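**Q** This structure is in structure tokens; I'll ask about it shortly.
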Amino acid sequence: MRSLRRPRLLAPFLLTPLIAGCFASGGGDSGDGGGKGGDGDRLRVALAFPPAENLSPYGADATLLSRLGVTEGLTALDANGSAAPALAESWRRDGEKTWEFTLRDAIFQDGSDVTPDAVADSLGQAVRAKPAPAALAGVGLTAEAGGERVVRVTTAEPDPVLPLRLSSPSLAILSAKAYEEKGGKADAVGTATGPFQLTKVNGATSASLDRFDDYWGGRAQASGIDARFVADGTARANALRTGELDIAEAVPVAQAASLDEGTRRDTATTRTTSLLFNASSGTFKDAGLRAAARGAVDTSVFAKDVYEGYGDPGAGIYGPAVTWAEGKRSAPVGRAGAGKPGGDDVIDLATYDNRPELPEAAQVVKQQLEKAGFTVKLTVREYSRLEADALDGKFDAFVLARNTLLDTGDPVAVLASDYTCDGGFNIAQLCDKDVDRAVADAEKIADTAKRQDAAMAAEARILGSDAVVPLVHQRIITGVADSVQGVILDPYERTLVGTGTRR
């Protein structure tokens, strides 16, 4: 079995409009603006995923920090998936391999200044982190101070859209104090730059945050956040309904009807739930059996029944929220003929229960595969207890909800991460030379329209391998109490609260 790296994305490139819907990022998010001050009530927030890595900014926990308004990078994503100012107020390219970022006037939550040296050191720490952050996988990057307010970032190869890469939550800028602990770890408690600062982390159970009064974007209207990590979606919905919570993310579709219409907000996202087959070992190493399993799965039932209308039938790796994809999609290429299941091997199908629809979706998949002659064992665990085994290829099949544009907004990046031989999040264990070639060709293209075309050509190759069967493109339901305003409904699922979020 190949050794898989953890990082999830490679080679981000700038794209013009990717998604439908509204999304505000940075200090001036939706609401009345963060500059009014005041001592608003604390927000009570429940997140679906407990920290898997002690809230490290370099792995899966990076989005927990950004969703709670703790961390920021030099740039952010705007509504069109383009790079927007964050800690850097502007940037320019200096030659093929170097960019200069001009910093805004900001301070870290420990009181130290956001200086070019501090930013360069923080990016250097990310480069040296083990495992490497998602956005830097396979990228040679160095950073150095270039003047009083300027940071120079240089890449080993030309990267025409480096500003977009630096928007990744895993490239958050932290103060020198964050790295005082030895062992290459980073501590975001009181060392970030966002409108809220971590004051206490209670393992994987809860965290306390206070407003950071000196935030460059203005004081947040809420005085702090009491965050709870609640994997049980029904428990999140019940706590919102009984008034124990102000915001509950990822409300299960089965619980949506139990909430008043005004307290549930559904948002089209770039998240697709897919069935992944292990293409390197076990039963589904045989392309013919993958084809047989793919043919056995009726994807039409998932959006209608499992997701109760809060989704669209699986069409490809990219769903309707990626507005340009449908018009460029072509038929899968290179599919094998369907084989005949022997019934002797037991298929180990796995998923996680942080998103409560997934076990139900996996149960439907199990029934459909068994009807086609496969013998299936279903494993369900909490995600943090499942990911390592999934990445190590210990399952024959896996039901995964994946935000295809989470880290950088680049459609090619998720293909490289999830479906190439050296991909850092290749749960499908796919290693196909034609797929690798198609993805590599797409990675080289900077022109937006041509890059989109190449991404869809690579998607056709990946779907043709039958290593992935898209089941449904999701809408995410966020529970918001009547008294709460300014919640950020982000199609990329990077942000949730900001300076204007209050009750």
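**Q** For region 221-238, how many residues are within 13 Å of Val45 (Cβ to Cβ) and either under 25 Å from the mean Cα position of the chain (by Cα) or surrounded by fewer than 20 Cβ atoms within 10 Å (Cβ to Cβ) (or both)?
**A** If we filter region 221-238 for residues that are within 13 Å of Val45 (Cβ to Cβ), which is where we start, we get 222, 224-230, 236.
The next check asks that each one be either under 25 Å from the mean Cα position of the chain (by Cα) or surrounded by fewer than 20 Cβ atoms within 10 Å (Cβ to Cβ) (or both); those that pass are 224-230, 236.
Adding up the residues that qualify gives 8.
**Q** Another one. Just one of the numbered conditions (1) outside any loop (DSSP other than H, G, I, E, B); (2) open to solvent by 10 Å² or more (accessible area, probe 1.4 Å) is not true of Tyr215; which one?
**A** (1)
**Q** Could you check Ala449 against (1) closer than 22 Å to Lys285 by Cα; (2) without any contact (Cβ under 8 Å) to a residue 12 or more places away in the chain and say which number it fails?
**A** (1)
**Q** Quickly run through region 344-353 and pick out the residues that are open to solvent by less than 70 Å² (accessible area, probe 1.4 Å) and not in a loop (DSSP other than H, G, I, E, B).
**A** Ile347, Asp348, Leu349, Ala350, Thr351, Tyr352
**Q** Picking from Ala413, Ala397, Ala390, which residue would you name as being open to solvent by less than 10 Å² (accessible area, probe 1.4 Å) and over 18 Å from the mean Cα position of the chain (by Cα)? Can you show your working first?
**A** Details: Ala413 fails: over 18 Å from the mean Cα position of the chain (by Cα); Ala390 fails: over 18 Å from the mean Cα position of the chain (by Cα).
Exactly one of Ala413, Ala397, Ala390 is open to solvent by less than 10 Å² (accessible area, probe 1.4 Å) and over 18 Å from the mean Cα position of the chain (by Cα), namely Ala397.
**Q** Moving on to the next point. Say whether the condition of being crowded, with 17+ Cβ neighbours inside 10 Å, hydroxyl-bearing (Ser, Thr, Tyr) and outside any loop (DSSP other than H, G, I, E, B) is met by at least one residue in region 73-92.
**A** Yes, there is a match, as at least one residue in region 73-92 is crowded, with 17+ Cβ neighbours inside 10 Å, hydroxyl-bearing (Ser, Thr, Tyr) and outside any loop (DSSP other than H, G, I, E, B).
**Q** Considering only residues that are open to solvent by 10 Å² or more (accessible area, probe 1.4 Å) and touching a strand residue (DSSP E or B) at 6+ places or on another chain (Cβ under 8 Å), which ones fall in region 420-437? Break it down stepwise before answering.
**A** The first filter runs over region 420-437 and keeps only residues open to solvent by 10 Å² or more (accessible area, probe 1.4 Å), leaving 420-422, 427, 431-434, 436-437.
Correct list: Ile427 only.
**Q** Just give me the residues in region 386-419 being of a type in the set (A, V, I, L, M) and in a helix (DSSP H, G or I), in sequence order.
**A** Keep residues of region 386-419 that are of a type in the set (A, V, I, L, M), which gives 386, 388, 390-391, 397, 399-401, 405-406, 412-416.
Within region 386-419, Ala388, Ala390, Leu391, Val412, Ala413, Val414, Leu415, Ala416 meet the criteria.
**Q** Do you know which residues across region 432-464 are outside any helix (DSSP H, G or I) and touching a helix residue (DSSP H, G or I) at 6+ places or on another chain (Cβ under 6 Å)? Before you say what the answer is, go through the steps one by one.
**A** Step one: of region 432-464, the residues outside any helix (DSSP H, G or I) are 432, 444-447.
Passing the criteria: only Ile445.
**Q** Go over the candidates Ala135, Ala156, Ala172, Ala126 one by one and state the one that is at pLDDT 95 or above and either farther than 25 Å from Ala416 by Cβ or of a type in the set (Gly, Ala, Ser) (or both). Show your work before the answer.
**A** On the way: Ala135 fails: at pLDDT 95 or above; Ala156 fails: at pLDDT 95 or above; Ala126 fails: at pLDDT 95 or above.
Among Ala135, Ala156, Ala172, Ala126, only Ala172 is at pLDDT 95 or above and either farther than 25 Å from Ala416 by Cβ or of a type in the set (Gly, Ala, Ser) (or both).
**Q** Just one of (1) open to solvent by 50 Å² or more (accessible area, probe 1.4 Å); (2) farther than 22 Å from Pro85 by Cα trips up Arg149, so point out which.
**A** Of (1) open to solvent by 50 Å² or more (accessible area, probe 1.4 Å); (2) farther than 22 Å from Pro85 by Cα, only one is false for Arg149: (2).
**Q** Any chance region 393-401 includes a residue that's of a type in the set (Phe, Trp, Tyr) and modelled with pLDDT under 95? Let's see the steps before the verdict.
**A** Filtering region 393-401 for residues of a type in the set (Phe, Trp, Tyr) gives 395, 398.
Adding the requirement that they be modelled with pLDDT under 95 leaves none.
Among the residues of region 393-401, not one is of a type in the set (Phe, Trp, Tyr) and modelled with pLDDT under 95, which makes the answer no.
**Q** Scan region 260-267 and tell me whether some residue there is open to solvent by less than 10 Å² (accessible area, probe 1.4 Å), farther than 17 Å from Ala303 by Cβ and not basic (Lys, Arg).
**A** Initial filter on region 260-267 (open to solvent by less than 10 Å² (accessible area, probe 1.4 Å)): none.
So far as region 260-267 goes, no, none of its residues is open to solvent by less than 10 Å² (accessible area, probe 1.4 Å), farther than 17 Å from Ala303 by Cβ and not basic (Lys, Arg).
**Q** Sticking with this structure for a sec: What are the residue pairs meeting all of these: first residue in region 102-127, first residue more than 10 Å from Ala192 (Cα to Cα), second residue of a type in the set (Asp, Glu) and open to solvent by 40 Å² or more (accessible area, probe 1.4 Å), Cβ atoms under 6 Å, and 6 or more apart or on different chains?
**A** Thr102/Glu89; Arg104/Glu89; Ala120/Glu144
**Q** If you check Leu209, Leu166, which single one turns out to be touching a residue at least 12 places away in the same chain (Cβ under 8 Å), crowded, with 18+ Cβ neighbours inside 10 Å and in contact with a helix residue (DSSP H, G or I) (Cβ under 8 Å, 6 or more places away or on another chain)?
**A** On the way: Leu209 fails: in contact with a helix residue (DSSP H, G or I) (Cβ under 8 Å, 6 or more places away or on another chain).
When all the criteria are applied, what remains is Leu166.
**Q** So is Asp121 assigned to a helix (DSSP H, G or I) and out of contact with any Cys (no Cβ under 7 Å at 6 or more places or on another chain) or not? Break it down into steps so the answer makes sense when it comes.
**A** On the way: assigned to a helix (DSSP H, G or I): yes; out of contact with any Cys (no Cβ under 7 Å at 6 or more places or on another chain): yes.
When the stated conditions are applied, Asp121 passes them.
**Q** Say whether the condition of being under 26 Å from Ala60 (Cα atoms) and part of a helix (DSSP H, G or I) is met by at least one residue in region 420-431.
**A** The answer is no, given that none of the residues of region 420-431 is under 26 Å from Ala60 (Cα atoms) and part of a helix (DSSP H, G or I).
**Q** For region 228-323, list the helices (runs of 4 or more DSSP H) that sit wholly inside it and hold at least 2 residues that are out of contact with any His (no Cβ under 6 Å at 6 or more places or on another chain) and more than 27 Å from Ser384 (Cα to Cα); which are they? Walk me through it before giving the result.
**A** On the way: elements: 233-241, 253-256, 287-296.
Of the helices (runs of 4 or more DSSP H) lying wholly inside region 228-323, those with at least 2 residues that are out of contact with any His (no Cβ under 6 Å at 6 or more places or on another chain) and more than 27 Å from Ser384 (Cα to Cα) span 287-296.
**Q** Please pick out the residue among Lys130, Lys97 that is farther than 30 Å from Leu386 by Cβ and among the basic types (Lys, Arg).
**A** Details: Lys130 fails: farther than 30 Å from Leu386 by Cβ.
That would be Lys97, the only listed residue that is farther than 30 Å from Leu386 by Cβ and among the basic types (Lys, Arg).
**Q** Now a separate question. Out of (1) more than 30 Å from Ala76 (Cβ to Cβ); (2) out of contact with any helix residue (DSSP H, G or I) (no Cβ under 8 Å at 6 or more places or on another chain); (3) β-branched (Val, Ile, Thr), what's the single condition that is false for Thr351?
**A** It is condition (2) that Thr351 fails.
**Q** Which ones in region 328-343 are of a type in the set (Lys, Arg) and exposed (fewer than 11 other Cβ atoms within 10 Å of the Cβ)?
**A** Of region 328-343, the ones of a type in the set (Lys, Arg) are 328-329, 335, 340.
If the condition is that a residue be of a type in the set (Lys, Arg) and exposed (fewer than 11 other Cβ atoms within 10 Å of the Cβ), then Lys340 is the only one that fits.
The values are calculated or read from the model by the stated rules, or taken from the named source; none is laboratory data. Bear in mind that the values here come from a model prediction, so they are computed numbers and not experimental data. Heads up, the Cβs are rebuilt from the backbone with ideal geometry, glycines too, and the neighbour counts pull from every protein chain shown. Heads up: the accessible areas ignore ligands, DNA and RNA and are worked out on the full protein's heavy atoms, side chains in. Shrake-Rupley method; radii C 1.70, N 1.55, O 1.52, S 1.80 Å.
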